[in-house]
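The values are calculated or read from the model by the stated rules, or taken from the named source; none is laboratory data. All values reported here derive from a predicted model rather than from experimental measurement. Note that we place each Cβ from the backbone using ideal geometry, even for glycine, and neighbour counts take in every protein chain shown.
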Amino acid sequence: MKDYGNIELVFLKHEDYKDLLQAMKEAYSNIPNLVWGKKQIETLINIFPEGQVAIKINGEFAGCALSIIVDYNKFEDNHKYSAITANYSFKTHNIEGDVLYGIEIFITPKFRGLRLGRRLYDYRKELCERLNLRGIAFGGRIPNYHKYSSEITPKEYIEKVRKKEIHDPVLDFQMSNDFHPAKILKGYLEGDKESNEYAVLLEWDNIYYEKPQKAASSTKTVVRLGLIQWQMRNYKNIEDLMQQAEFFIDAVSGYRSDFALFPEFFNAPLMAEYNHLTEADAIRKLAENTKTIVNKFAELAISYNINIITGSMPELLDGVLFNVGYLCKRDGSIERFEKIHATPDEVKVWGMQGGNTIKTFDTDCGKIGILICYDIEFPELSRILSDEGMDILFVPFLTDTQNGYSRVKNCAQARAIENECYVAIAGSVGNLPKVHNMDIQYAQSAVITPCDFAFPVNGIKAEATPNTEMILIADVDISLLRELHQFGSVKNLQNRRLDLYEVKKLKI
């Protein structure tokens, strides 16, 4: 499988300057005066280390964002770049200020197209919220304006960009990241000929800002889950299928979800092309698409800054057919999981075999587990994952009838209580009349919790509409699980009689 390596968001250090300089030269090859000097970077790192971050891919600089905090009331709305930076000395930085001011952001040409800039903006927003600042501001270049400056004013240009009549790579991207134009700044950046030295004052308001409060917030414990209840329908080809998948990823990432969960065998509609074959041969043809699909999901995980659980797909290894899925992390890494228990139908019709790997996965939102459909009905598996520290259990499933779905859901609820964890289940809906052995589907995706006072009384955090294509967004608070472990009405994990019995993973 294609691996995008190690993607890191890191604080800049003094020793990074040589590599940073090369990245700046590549990013601003047509505007050399935008390259920062070593002393300027050192000053920024010394006065405000949290504000200076970079994205590295396999240790190589891919992008950078520099910022300071200013007392915004001291500057006029039509300020210039030299004024906001005190002639690039950054003496305007004020830790007691109220606005995070962006003075630089770029992505090198080699890594453009992966939406890494969005990740830098997301960091700035989180920093702004954590420091309890009232918002973010910066002057945004309009590099395509020189092409239209003889015909329209900057104000008209911005309006046409807003209406998508003109494309501006910088302004389009900034507005798509929730920054709104506030004012046109004339003579903002000396030497910016592409923008005719105009810029747009862009702002983002922190809705969580509390004026009297200055203390930084505690570490974030809330994780946002995005579940895709997938509609089975005919797709022309793999590109058509993945276009629909990207639509859902775009939607759940738009709500700043940390995870996107797809169902088991969501790619089954592609088997319609092989309906002239036996069921066993058709699913083996479907398995030929798995590598391509996983590589595309890996790209989307980076582009949309979200961890993607791909559901499951058939995969052939040394002639043996397995039901597998992949965790495509937003840091670029990829991990594989297997269905341990093949259903009787999977064995009989497709000749599928169960896998052998049982493990948890470390993510930027804590430790998670993934079990595919039938596996949730075997409590030993989730108990092993719980012993390894799992907080959230993801279950991509595919059930044809309501009683099959009930088995999955009821067992998921039992696993949440037994293991004091959250369980997220996502399935497919609709019909596939042109695919043998995949005729009908029934699903009601849900986020399930333990049953105690800190959680919903019925153990259901959120639930989708049955048999309807939709997404389900829900927040789960990991700190509530920690409290449950210690102070719950019952303590399922602590009260186990390990002197009488235990569940353990065998070495294979």
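In this structure, Ala443 does satisfy being small (Gly, Ala, Ser), part of a loop (DSSP other than H, G, I, E, B) and closer than 21 Å to Phe259 by Cα. The condition of being under 23 Å from the mean Cα position of the chain (by Cα) and in the same structural domain as Leu100 (by TED's automatic domain parsing) holds for only one of Arg130, Arg141, that being Arg130.
This table checks each residue for (1) closer than 19 Å to Phe361 by Cα; (2) in contact with a Pro (Cβ under 9 Å, 6 or more places away or on another chain).
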| site | (1), (2) |
| --- | --- |
| Leu398 | no, yes |
| Arg407 | no, no |
| Ile425 | yes, yes |
| Gly430 | no, no |
| Tyr442 | no, yes |
| Thr449 | no, yes |
| Phe453 | no, no |
| Pro456 | no, no |
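Does segment 139-147 include one or more residues that are closer than 22 Å to Ala65 by Cβ, in contact (Cβ under 8 Å) with a residue 60 or more places away in the chain and of a type outside the set (Lys, Arg)? The answer is yes; a qualifying residue exists.
Within the set Asn289, Asn305, Asn295, Asn323, the sole residue that is within 14 Å of Ile7 (Cα to Cα), assigned by TED's automatic domain parsing to the domain that holds Lys367 and either surrounded by fewer than 21 Cβ atoms within 10 Å (Cβ to Cβ) or among the polar types (S, T, N, Q) (or both) turns out to be Asn305. Filtered by the rule that a residue be closer than 16 Å to Ile103 by Cα and out of contact with any Ser or Thr (no Cβ under 9 Å at 6 or more places or on another chain), segment 127-139 gives Cys128, Gly135, Ala137, Gly139.
The residues of segment 274-295 that are over 32 Å from the mean Cα position of the chain (by Cα) and among the charged types (D, E, K, R), listed by number, are Glu279, Asp281. Residues in segment 292-338 that are basic (Lys, Arg) and either farther than 30 Å from Glu60 by Cα or out of contact with any strand residue (DSSP E or B) (no Cβ under 8 Å at 6 or more places or on another chain) (or both): Lys296 only.
The residues listed here are Lys296, Lys329, Lys291; of these, the one that is among the basic types (Lys, Arg) and within 21 Å of Ser428 (Cα to Cα) is Lys296. Scanning segment 122-174 for residues that are aromatic (Phe, Trp, Tyr) and surrounded by fewer than 22 Cβ atoms within 10 Å (Cβ to Cβ) gives Tyr123, Tyr148, Phe173. Every test in (1) modelled with pLDDT of 90 or more; (2) in the same structural domain as Ser82 (by TED's automatic domain parsing); (3) not β-branched (Val, Ile, Thr) is passed by Leu189 save one, and that test is (1).
Per-residue answers, yes or no, for (1) modelled with pLDDT of 95 or more; (2) within 16 Å of Val99 (Cα to Cα):
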residue: Gly37; (1), (2): no, no
residue: Phe61; (1), (2): no, no
residue: Ile69; (1), (2): yes, yes
residue: Glu76; (1), (2): no, yes
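The requirement of being touching a strand residue (DSSP E or B) at 6+ places or on another chain (Cβ under 7 Å) and either assigned by TED's automatic domain parsing to the domain that holds Gln229 or surrounded by fewer than 22 Cβ atoms within 10 Å (Cβ to Cβ) (or both) is not satisfied by Ile384. I'd like the full set of residues that are part of a loop (DSSP other than H, G, I, E, B) and in contact with a Phe, Trp or Tyr (Cβ under 8 Å, 6 or more places away or on another chain), limited to segment 451-489. If the condition is that a residue be part of a loop (DSSP other than H, G, I, E, B) and in contact with a Phe, Trp or Tyr (Cβ under 8 Å, 6 or more places away or on another chain), then Pro466, Asn467, Glu469, Ser489 are the ones that fit. Considering the conditions (1) in contact (Cβ under 8 Å) with a residue 60 or more places away in the chain; (2) of a type outside the set (Asp, Glu); (3) more than 24 Å from Asp258 (Cα to Cα); (4) surrounded by 17 or more Cβ atoms within 10 Å (Cβ to Cβ), Tyr405 is excluded by exactly one of them, (1). For segment 421-440, filtering for residues that are in contact (Cβ under 8 Å) with a residue 60 or more places away in the chain and either part of a loop (DSSP other than H, G, I, E, B) or surrounded by fewer than 19 Cβ atoms within 10 Å (Cβ to Cβ) (or both) leaves 10.
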